[in-house]
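Quick notes on the structure that follows.
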Amino acid sequence: MQKAANNRLLWTLLSIVVLASFLVSLIQSSGGRVQVLDVKIPTQNGQWLVADLFKPRSATSDNPAPLVVVVPGFQRSKEALSNVAIELARRGIVAISIDPYAQGGSSASMSRRAATTEGYGMFAIVDYAANTSNLNYIDKSRVGATGHSAGGNAAIRGANYFGKQARERGEPSKLHSVFVSGYVLTLTDEVLKDVRSNVGMSYAYYDEGAYRNELKNGDMRRAPEALRLVNSGRTPGEPGIEEVSLGQYYGDAERRNLRVVFNERILHPFQPYVVEATANQIEYFERVFEIDSGLSSRDQVWYWKELLSLISLIAAVVLLVPMGRLLLEIPVFQSLVHPIPQALPRPQGNGRVLFWSLFAIGALIACFSYIPMAELSQKLFVAASTREQTWFFPQRMNNAVMMWAVLNGLVGFLIFWLSYRFHGKQHGVVSGMWGAKINRSELVRTFWLAFTLFVFYFLLLFTVYYVFHVDYRFLFMGVRIFRPVELLLLVVYAPFFFVFFLSSSLRVNGAMRTEGQAEWKSMLIAGIGNSLGLLLIVVVQYVTFAMTGTVYWTDGWLYVNLLFAVVPMMFVLPYFNRYFFGMTGRIYLGPMVTCLVFIMILLTNTVVYLPI
């Protein structure tokens, strides 16, 4: 009966992944009215760009459509702003959503300032679209660009770059219009003076990076950056404005001096994922390209894609559990199944005080060590921190997380040993309760079982991507397909991360599994303990921000933003460690599986400066 129930669960979860992915593909393609194609474009210096092309079937050589290049920001891939591409394509606009240089499937760049000097690759796309006869369904006179955060910087830099080119040649800019989201630092006179494009701008009122702005806040009504932008489109002799009317269009789209400023009340990382911000972009591009799609700007479907993708993301990772049970029935893996060791005696009196004291100490160490480890990683891995191409730990952001994981994994081992040495040993705890005993042969077979589950997980993802051209994701958290070279990165990074994963499994199953405690409660405590330290960082950051208007960690605010994706992963990790422990009676399969899967997810969602 257990075997039949496991098989039903496996097939149910597999069906959910396939069905949800199919529905996502329907939304992404507007029910077949938009072709979604994966493209790879060679660019200068042997570099290349990977992108998704959203081509409305209404765009033909007889009815050419405008083109918008969509540029995600730092740490983001082409799927991160698919909502913009989907909604523009629904309205008859061709969209190309790119993996920025050094992110996703695109190559690194020879430039250390790729967003500024190359628009993360957008300059090359615009040049290609403007000059090739292949894209005969594109109206070359109506080419635009949009981007968020560093992608917004790429957009305004593109307007500057092609504006200079247009001035020198005495012709219109190749970039008809740009939309700058979540970035105002380069809205300077030096940059704006050469812009020959319409410009829309959107900035989150509660942007965490607003401390860098001239007025140190995110209010764009009197912000010098917003005023300079609007006044840059004023005709000579026309008086400048002293306060921006948010949402008001200034200038003339035909003369390419149209300007508009939006100021949504949202945080920086979530700005692209609200209906209001997406509607503002839709209205802007329909206006500058003189399009009447017949759809309201609030008529949006992208959030259904996010919901269904979240369902497939959850189902796919839970699928590892019944698949693991199924593989353990194979003769070569059957010997890995052992009785579950006896639970630890329930702590009483001083034991409870010690448990919760160590629980709090571990969380505080995890909290206070993260930013120092991020700063130390910049000194140890100089090449990646300075955007140089390197094979030596080439992932700038993951280097910080790795340093934190190694330190806190070692701290976890130390706390576990101290608890056993000075309390558990005297109160009935024996090492056999930990499930840590294993011989070399079993350890090797446990690894191969974990690797088999890793292959199954990503083989399913690659199949889903091949058939439906979708992956698993929710907002900026995503499980992407990977390049073969990233398997080498897994070999480099995974052993260091494994220190933390194994430490977590030992603590979850060897210290938090006590007699008489409900499983759900035990796992919930473990999940909180595993993620609380990093969650405290987010809490401190945003409570300080709410009270003062400035985040607590300023220089490290991007490292804190990274935690929005890491904290959920840390919370669910103990659940998998407990489930796999229940299947084998040993602590090793869980951390091996989760380390391989979760670290590959991290590796494919961050910048990587690999040599070209």
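Using a simple spin-label model with points 7 Å from Cα along the Cα→Cβ vector, what separation in nm is obtained for Arg483 and Glu515?
5.6 nm
Computed from these coordinates, which is semi-axes √(5λ) of the Cα gyration tensor in Å: [x] 37, 31, 24; [y] 48, 27, 21; [z] 48, 34, 19?
Computed from the coordinates, semi-axes √(5λ) of the Cα gyration tensor in Å corresponds to [y].
Checking the cross-link filter: which lysines have an alpha carbon closer than 19 Å to that of Lys425, excluding same-chain neighbours under 8 positions apart?
Cross-link targets: Lys437.
Can you order the peptides 54-60, 11-17 by their average number of other Cβ atoms within 10 Å per residue, highest first?
The densest-packed peptide leads the list: 54-60, 11-17.
How much length is gained if the chain between Val39 and Leu326 is pulled fully straight, taking 0.36 nm per residue apart and subtracting their Cα-Cα distance, in nm to one decimal?
Once the chain is fully extended between Val39 and Leu326, it gains 99.5 nm.
Return one number: the angle in degrees, 0 to 90 and rounded to the nearest 10, between the long axis of the Cα atoms of helix 440-468 and the longest principal axis of the Cα atoms of the chain.
For 440-468 against the chain, the angle is about 30 degrees.
Pairs Lys40/Lys140; Lys174/Lys305; Lys55/Lys174; Lys78/Lys216; Lys55/Lys140; Lys78/Lys305: which are spaced more than 24 Å apart, C-alpha to C-alpha? Please list the in-between numbers first.
Values: Lys40/Lys140 21 Å; Lys174/Lys305 32 Å; Lys55/Lys174 20 Å; Lys78/Lys216 31 Å; Lys55/Lys140 15 Å; Lys78/Lys305 15 Å.
Correct reply: Lys174/Lys305; Lys78/Lys216.
Roughly speaking, what is the stretch gain from Leu215 to Thr117, that is 0.36 nm per residue apart minus the C-alpha to C-alpha distance, in nm to one decimal? Mind dumping the intermediate values first?
Numbers: separation 98, 0.36 × 98 = 35.28 nm, distance 2.69 nm.
Full extension of this stretch gives 32.6 nm more.
So, in nm, how far is label Leu310 from label Leu410 when the simple model puts each one 7 Å beyond its Cα toward the Cβ?
3.9 nm
Can you tell me the dipole magnitude for the chain around its Cα centre, using point charges on the Cβ only (Lys, Arg +1; Asp, Glu -1), in Debye to the nearest 20?
Once rounded to the nearest 20, the dipole reads 1660 debye.
Given H placed on each backbone N at 1.01 Å, which residues far from Arg473 in sequence or on other chains put an amide H within less than 5 Å of it?
Under 5 Å from the amide H of Arg473: Leu310, Leu313, Val479.
In debye to the nearest 20, how big a dipole does the range 320-603 give about its Cα centre with +1 on each Lys and Arg Cβ and -1 on each Asp and Glu Cβ?
The calculated dipole for the range 320-603 is roughly 520 debye.
Which peptide among 243-252, 90-99, 602-611, 160-169 comes first, and what is the full order, when sorted by highest mean count of other Cβ atoms within 10 Å?
Highest mean packing first, the order is 90-99, 602-611, 160-169, 243-252.
Compute, for the range 2-306, the length of the dipole vector about the Cα centre, with Cβ point charges of +1 (Lys, Arg) and -1 (Asp, Glu) only. Units Debye, rounded to 20.
580 debye
Report the calculated FRET efficiency for Arg352 and Ser296 (r = Cβ-Cβ distance, R0 = 56 Å), to the nearest 0.05.
Efficiency, from the Cβ-Cβ distance: 0.45.
Hey, rough spin-label estimate for Met110 and Glu242, points 7 angstrom out along Cα→Cβ, what's it come to in nanometres?
5.0 nm
Multiplying the sequence separation of Phe564 and Phe368 by 0.36 nm and subtracting their Cα-Cα distance, what value in nm do you get?
Answer, rounded to one decimal: 68.8 nm.
Please list, in chain and number order, the residues 5+ apart from Phe179 or on another chain whose amide H is under 5 Å from its amide H, with Hs placed from the backbone.
Ala145, Thr146, Gly147, Gly200
Can you put Met547, Met323, Met592 in order of Cβ neighbours within 10 angstrom, beginning with the fewest?
Met547, Met323, Met592
What order, most packed first, do the peptides 448-460, 396-408 have when packing is the mean number of other Cβ atoms within 10 Å of each residue?
Ranked from most to least packed, the peptides come out as 396-408, 448-460.
Please turn the phi angles of the range 569-579 into ³J(HN,Hα) values with the Karplus equation 6.51 cos²θ - 1.76 cosθ + 1.60 (θ = phi - 60°), one per residue in order, whole Hz, x for glycine and proline.
5, 5, 5, 7, 3, x, 4, 5, 4, 6, 5
Each value in this text was obtained by applying a stated rule to the coordinates, not by laboratory testing. Since we're looking at a predicted model, the values are computed, not measured. Here Cβ is always computed from backbone atoms with ideal geometry, including for glycine, and neighbour counts include all displayed protein chains.
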